[in-house]
Every structure is written in structure tokens, then in C-alpha cells.
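One structure is given here, and the rest of the page talks about it.
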Amino acid sequence: MRKKIFVRTYGCQMNVRDSEVICGLLRKEGYKFTDEVDKADIILFNTCSVRQHAEDKVWSQVGRFKNKKGTVLYENRPLIGIVGCIAQNYKEKIFEQAPNVDFVVGPSDIDKIPGIIKRIFRGQSPSGTVPSTLFEMKIWETDGDSRPEEIYHTGFYEDKEHAYVVISEGCSNFCSYCVVPYVRGPLRNRGYKDILKEIEEAIDKGITKITLLGQNVNAYKSQSQCVSLPEGDKVTMSQVNFIDLLKIINGIKGLKEFSFITSHPKDTAIELFKAMEDCAKLKKYLHLPVQSGSDRILKLMNRGYNRKFYLDLINNYRKIVKGGQVTTDIIVGFPTETQNDFQDTYDLVKNVQFNAAFIFKYSPRPNTQAANMVDDVLKSEKEKRHRLILELQKGISKEYAKSGY
Ligand code: SAM
Ligand code: SF4
């Protein structure tokens with residue numbers, strides 16, 4: 001009988017796309033999927049490590065599948081795999097924390113999942129021999145540094161009309177609070193011909209809307225020589241940057257609408273806004289995380305811009321991209337954040353009038369620079385600051401909703 005797989009995804013759109021890629025690879029191998037966790041032979045948790053809260057949710061779910069004595073017995077429970085950012089962050093230490101987990105796979109090793117599952121069902125240890133100890137039955141793959149391009153071409157998309165398309169993996173910015181560079185590795189740009197091939201294949205499958213994904217899409221740069229436009233023309237380009245890519249994608253036949261996330265303010269410029277205004281199929285939507293309105297905190301966060309730079313960007317965006325929407329991310333309670341620093345963030349939110357804002361309470365992440373600072377803003381104070389900005393933003397979003405914007 002065909003084995004059934006249940007996949008639960010935590011975190012960002014990048015993880016949503018990774019889960020789809022994993023499902024595409026496993027479908028090709030003949031596995032079936034189920035939405036009912038209790039009917040699954042294999043459970044995959046595609047995890048997020050960006051905040052402590054995201055990790056806690058995963059651990060409590062994984063704990064549900066321990067058998068009574070906490071021992072490892074395949075007959076009594078499904079195979080459990082931890083994939084993604086938690087896998088990369090904790091590697092084989094996961095087996096100590098959660099002995100019921102059978103395999104651990106980092107984001108750059110997801111292409112190996114079908115092989116790992118096969119090996120476990122064949123009862124083989126990583127060395128290919130029959131395991132002699134429980135620990136030997138565990139498999140972990142967390143050393144990969146790049147993904148094979150083929151994984152993006154399984155042709156499987158959860159949605160019939162919309163597809164996420166990864167344009168770059170990893171991040172080299174090292175914002176002081178952020179675990180992403182440690183769990184997803186340095187920035188790697190996909191070749192633009194590969195990206196275009198994936199989009200064209202998706203359109204052949206009926207997809208009409210695309211979201212381009214990357215941690216900092218504006219930093220996209222691809223080395224290449226010659227590109228064929230959908231109309232059949234050829235143009236030579238020594239290097240394709242993000243704006244070139246937007247213009248090329250805008251010309252793809254059959255594509256009705258596209259957008260991108262996420263933009264980093266330090267790499268965002270007027271040229272992007274002009275391209276957004278000029279590309280008819282590009283959604284007039286910009287997610288531009290500010291994180292803080294205080295120059296002192298922005299410096300400690302290693303964000304590479306200040307408050308004035310950010311506000312100027314927003315002014316230019318609104319001048320150039322007529323009717324454009326803008327959303328943001330904010331962290332409250334970063335180490336040493338004073339009442340005045342918080343007030344700067346509050347005032348910025350009031351001043352900018354974002355269409356929506358995602359507000360997070362700071363939590364220290366392993367390996368990051370900020371984890372060496374004392375997490376000195378009290379939990380109750382973080383909660384208060386979180387609530388205050390949330391309320392402010394709710395009022396702003398309500399006004400937009402009333403005006404139908
Ligand atoms: N690459 C994007 C950027 O630079 O804005 C976002 C990456 S991160 C996956 C999504 C959001 O999580 C960040 O914008 C930030 O607001 C939040 N975040 C990251 N690390 C955090 C931490 N240690 N504590 C609280 N929030 C955090
Ligand atoms: Fe993390 Fe900063 Fe990279 Fe975004 S830009 S993923 S916040 S390090």
C-alpha cells in the first residue's frame with residue numbers, strides 16, 4: 001500500500017514554497033498525502049526558527065507523537081521528520097530533545113528527503129548497514145550548501161492559479177537579531193534563465209499569478225549573457241539585476257499579475273518604484289520592513305539605514321507608485337530599547353500610515369549578535385509596546401478598509 005504523508009508548515013512564504021517542493025518530489029516517488037495527521041505513515045514538520053514562539057509551537061506538536069514510554073517504535077507511531085530552519089539550527093541535537101524524531105533535514109538538503117525516507121523504511125542506518133543502536137537509526141542531513149535547480153521543476157503547486165517562485169536563497173545581511181543567515185546560509189541568486197523557465201512551466205500548468213520570493217529581493221543579481229524575450233527577440237545582458245528581472249517577467253505571455261517579497265530598505269531605490277509604476281502586471285504593493293523607528297536601535301540591529309532614509313523612501317514610493325500599498329515588520333523590545341526609542345517607532349507608524357504591519361516581540365536567537373546582549377526589556381513591557389502599536393495599526397487599517405483602499 002502507498003505510504004501516506006502529512007506535512008505541516010510553519011513560518012514564512014519561503015517555507016510554504018519549500019513544502020510544496022518537498023511534496024512535488026515525494027509525489028514523483030508515488031507517495032500519497034493526507035490532511036489527517038492520525039492517518040499518516042510519515043509526518044513532516046517544515047519548521048521556522050525566526051522567533052522562540054515559532055519554535056515552541058513545533059516542539060509541542062512533535063511531542064504529541066511520543067508513544068507512552070517515549071521510546072522509538074515504528075509499529076506504534078508514524079515516522080517523524082523535522083525539516084527546515086529548526087533542523088538546521090539544532091541538527092542532531094534534536095534527537096536528544098525529541099527522541100521520537102527519526103530524521104532531520106536542513107533547508108539546503110530537502111532534495112534528499114525521498115532517499116532518506118526510503119532508507120528508513122528499508123531499515124538502513126546512514127552507513128547503509130542494518131542499525132545496531134537506536135541512535136544509528138536516526139538520519140540527519142544538514143551540511144548541504146546549495147540546492148539542485150531541478151527541485152524547482154516538479155510542476156507541483158498547491159494553488160491552481162498562483163505560484164511562489166524563489167529568486168534567491170539565504171541572506172548575507174546579518175541583522176543582529178536574525179537567525180536566517182545561520183540557518184539558510186549566505187545569499188545565493190538563482191540564474192534568471194532558470195527562474196524564467198520555472199515561470200513559463202507554471203504558466204503552462206494554468207498559473208497566472210506569481211510571487212517572487214527572497215529574503216532581500218532587491219539584492220538580486222544574476223551573471224548571464226543572453227536572454228530571449230517571449231516575443232522571440234534576443235537581448236544581451238552582462239548581468240541581470242532585480243529591476244531587469246521585473247521587466248523581463250512583466251513581458252511573459254500568459255502571466256496576468258506578479259508581486260515580490262521581501263524588500264530591504266538599504267537596497268531599495270527610486271529605480272524600483274519607477275519599474276513598479278511602469279510594469280503593468282506588477283502589483284502596486286511593497287513590503288518594506290522598518291523594524292524600528294529609532295536610529296540608535298536601527299544601528300544596533302545592523303540594518304544599514306536610518307529613520308530619515310526610510311521615511312524618504314516611503315515619500316518617494318508614494319509619489320511615484322500611484323495608489324501603491326505599503327506594509328512593514330516591526331520588532332518591539334530589542335535589547336536596550338528605551339521608552340523614547342519605542343516612541344520613535346510608534347511615531348513612525350503613525351506618520352507613515354502603513355496598510356498593514358506585522359509586529360513582533362523580540363526574542364533572542366542562537367548564534368546571532370544580539371543574543372550576546374542582555375535581553376533587558378521586561379516581558380510585560382514588550383507586551384505593552386506590542387499591544388500599543390497593534391492598536392495603533394488596527395485603527396489605521398480600519399480607516400483604509402472604510403475608504404476601500
Ligand atoms: N528578510 C526580511 C527582512 O529583512 O525584513 C524578513 C525576514 S524574517 C524571516 C521576518 C521578520 O521576523 C523580520 O522582518 C523581523 O521583524 C522578525 N524577526 C526576525 N528575527 C526576530 C527576532 N529575533 N525576534 C523577533 N522578531 C524577529
Ligand atoms: Fe534576517 Fe536581516 Fe536577512 Fe531579513 S535581511 S533575513 S532580517 S538578516
Exercise for the section: May I ask for the angle, rounded to the nearest 10°, between helix 52-63 and the longest principal axis of the chain, with both axes built from Cα atoms and the value confined to 0 to 90°? Expected result: 20 degrees
Handout entry: Residues of type aspartates and glutamates that residue 319 reaches as a straight line, Cα spacing below 17 Å, ignoring anything fewer than 8 places off in the same chain
Key = 271, 277, 278
Problem - Rounded accessible area of residue 402 (nearest 10 Å², 1.4 Å probe) - result: 150 Å²
Problem - Length-normalised contact order of the chain in % [C-alpha pairs under 8 Å, at least 6 apart] - result: 11 percent
Practice task
Rounded to whole Å and ordered largest first, report the semi-axes of the equivalent ellipsoid of region 152-219 derived from its Cα gyration tensor (root of 5λ).
Solution key: 26, 12, 9
Handout entry: Tilt relative to the chain, helix 379-402 - C-alpha long axis, 0 to 90 degrees, to 10
Key = 60 degrees
Handout entry: Interatomic Cα distance distribution for region 327-405, bins of 10 angstrom, percent
Key = 18, 46, 26, 9, 1
Problem - Rg ratio (alpha-carbon, reference 2.2 N^0.38 Å) - the chain - result: 1.05
Exercise for the section: Grab the Cα-Cα distance for residue 285 and residue 338, subtract it from 0.36 nm times how many residues apart they are, and report the gain in nm with one decimal. Expected result: 15.9 nm
Fill in the blank from the handout: Per the rule of 0.36 nm per residue minus the C-alpha distance, extending residue 16 to residue 209 adds in nm 67.9 nm
Exercise for the section: Express the C-alpha Rg of region 359-399 as a ratio against the empirical globular expectation 2.2 N^0.38 Å, rounded to two decimals. Expected result: 1.48
Practice task
With a probe of 1.4 Å, find how much accessible area the chain has per residue, and write the answer as a whole number in Å².
Solution key: 46 Å²
Practice task
Using just the helices of the chain, give the 222 nm mean residue ellipticity in deg cm²/dmol: DSSP H runs with n ≥ 4 each add -39,500 (n - 2.57), and the total is spread over all residues, rounded to 500.
Solution key: -10500 deg cm²/dmol
Fill in the blank from the handout: In degrees rounded to 10, the 0-90 angle between helix 192-204 Cα long axis and the longest Cα principal axis of the chain is 80 degrees
Problem - residue 145 accessible area, 1.4 Å probe, all protein chains in place, Å² to nearest 10 - result: 120 Å²
Fill in the blank from the handout: Ignoring GluC sites (Glu not before Pro) buried by more than 15 other Cβ within 10 Å or outside DSSP loops, the longest site-free run in the chain is 232-405
Exercise for the section: Provide the gained length on full extension for the span residue 392 to residue 161, in nm with one decimal, where the gain is 0.36 nm per separating residue minus the Cα-Cα distance. Expected result: 79.7 nm
Problem - Over 31 Å (Cα to Cα) - which of 247/382; 3/253; 274/402 fall in this group - result: 247/382; 3/253
Completion exercise
Distance in nm between residue 145 and residue 312 label points, each 7 Å along Cα→Cβ, equals 3.7 nm
Practice task
Using a Förster distance of 60 angstrom, determine the FRET efficiency expected from the C-beta separation of residue 27 and residue 356, and round it to 0.05.
Solution key: 0.95
Practice task
Per residue of region 108-123, in order, report the coupling 6.51 cos²θ - 1.76 cosθ + 1.60 (Karplus, θ = phi - 60°) as ³J(HN,Hα) in whole Hz, putting x for Gly and Pro.
Solution key: 8, 10, 4, 5, 8, 4, x, x, 5, 4, 4, 4, 5, 5, 7, x
Practice task
Please tell me which of these pairs span more than 24 angstrom C-alpha to C-alpha: 4/28; 39/209; 266/322; 57/350; 209/284; 91/266?
Solution key: 39/209; 57/350; 91/266
Problem - Distance (nanometres) between label positions extended 7 Å along Cα→Cβ at residue 93 and residue 39 - result: 3.8 nm
Practice task
Mind telling me which of 283, 322, 266 comes out most flexible in a GNM of the chain, alpha-carbon contacts under 10 Å?
Solution key: 322
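The values are calculated or read from the model by the stated rules, or taken from the named source; none is laboratory data. Note that the structure is predicted; figures quoted are calculated from it, not measured. Ideal geometry is used to build each Cβ from the backbone, glycine not excepted, and the neighbour counts take in all protein chains shown. Accessible surface is based on the protein model in full, side chains and every heavy atom, while ligands, DNA and RNA are left aside. Shrake-Rupley method; radii C 1.70, N 1.55, O 1.52, S 1.80 Å.
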